[in-house]
């Protein structure tokens, strides 16, 4: 079913890829750079930078934080999907 595919090697490469993905960081900005959020490959917020000019405007600050965090998470998710497609896209498992 799997032809000449070495399943142990494939699993090793998959694990290495997942570890590499978890160590990557993704940064997104909102409000023209007034808020900058960074998440890791496990979708955890690891850094948040806020321009001092926003500290007096709570509502705007909340919106910009949500936007930056959501954009950074989307970047991480999209990258993980792309990596999975690249890893498994070349395999002809059905042949």
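The values are calculated or read from the model by the stated rules, or taken from the named source; none is laboratory data. This is a predicted model, so every value here is computed, not measured. Because the Cβ atoms are built from the backbone with ideal geometry, glycine has one as well, and the counts that use them run over all protein chains shown.
Results, tabulated for the structure shown:
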| read-out | value |
| --- | --- |
| Test: residue in region 28-44 that is exposed (fewer than 14 other Cβ atoms within 10 Å of the Cβ), in a strand (DSSP E or B) and touching a strand residue (DSSP E or B) at 6+ places or on another chain (Cβ under 7 Å) | no |
| Condition met for residue 73 (within 30 Å of residue 13 (Cβ to Cβ), part of a helix (DSSP H, G or I) and modelled with pLDDT of 95 or more) | yes |
| Unique residue being surrounded by 14 or more Cβ atoms within 10 Å (Cβ to Cβ) and either over 23 Å from residue 83 (Cα atoms) or over 12 Å from the mean Cα position of the chain (by Cα) (or both) when the list is 47, 51 | 51 |
| Region 13-27 - residue that is assigned to a helix (DSSP H, G or I) and touching a strand residue (DSSP E or B) at 6+ places or on another chain (Cβ under 8 Å) and, of those, farthest from residue 85 (Cα to Cα) | 23 |
